[in-house]
1. I'd like to verify a number: residues in the stretch 163-183 that are within 12 Å of residue 47 (Cβ to Cβ) and touching a Cys at 6+ places or on another chain (Cβ under 6 Å), how many?
2. Surrounded by fewer than 21 Cβ atoms within 10 Å (Cβ to Cβ), in contact (Cβ under 8 Å) with a residue 12 or more places away in the chain and over 13 Å from the mean Cα position of the chain (by Cα): is that true of residue 78 in this structure?
3. Residues of the stretch 42-75 being in a helix (DSSP H, G or I) and polar (S, T, N, Q), which ones?
4. Looking at (1) at pLDDT below 80; (2) more than 22 Å from the chain's Cα centre (by Cα), which is the only condition residue 40 fails?
5. Going by what's in this entry, would residue 87 be described as surrounded by 13 or more Cβ atoms within 10 Å (Cβ to Cβ) and in contact with a Lys or Arg (Cβ under 9 Å, 6 or more places away or on another chain)?
Amino acid sequence: MSEQGTYKPYAYYELMETSLRELLVEKGIITNEQVNAEVAAMRARTPERGARVVARAWVDAAYKKRLLANGTAACEELGLEIPGLHLVVVENTPQVHNAIVCTLCSCYPRVLLGIPPDWYKSRNYRSRMVREPRAVLAEFGLRIPEAVQIRVHDSTADMRYLVLPMRPQGTEGWSEERLASIVTRDCMIGVAVPAVALG
């Protein structure tokens, strides 16, 4: 209810979620407590989980090979369950830069990155990233040289993507924990790259 005492109508997806949840609770399939616990667990997930995966791949070549071959299984090696999803990890190289989008809605590796940012769910990002990725990345402050190919990966209901960014120069000898600290959510979506502070 608003400050004026009038009710604000549900948005389309809010109405869908509320209706489905109430029906499942009414039928005894789930309880409100189970829903609340799952929402709390989802909100507790942070990009640090995905950063751990990236840092391990940077320091362990065998792990990186397994990660690129089967992202789901490799994450589970680290105790990060990826229930019911096929996780595909795509590697940035000097020749190729990868970015992730979901053109239909907001499919996203929440288990590794937490709640998606609002811009990821926006119609603007979802439509433009596939048509003009270089321009969109530039708006994020990431200018990709023309010689570098940009590949945009479209997530689906049962497949998620994670970008494995290139390890920055100047991080030789760093611990996994320190490496993970420079891997942001945006790096793993592909709209940023890890940066090392100078000095």
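1. 0
2. Yes, satisfied.
3. Across the stretch 42-75, the qualifying residue is only 72.
4. It fails just one condition, (2).
5. Yes; evaluated as a whole, the condition is true for this residue.
One line per residue, one yes/no per condition, for (1) within 15 Å of residue 54 (Cα to Cα); (2) of a type outside the set (Asp, Glu); (3) in contact (Cβ under 8 Å) with a residue 40 or more places away in the chain:
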residue	(1), (2), (3)
92	yes, yes, yes
95	no, yes, yes
100	no, yes, yes
127	no, yes, no
143	no, yes, no
165	yes, yes, yes
177	yes, no, yes
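The values are calculated or read from the model by the stated rules, or taken from the named source; none is laboratory data. All of these numbers come straight from a predicted model, not from anything done at the bench. We place every Cβ from the backbone using ideal geometry, glycine too, and count neighbours over all the protein chains shown.
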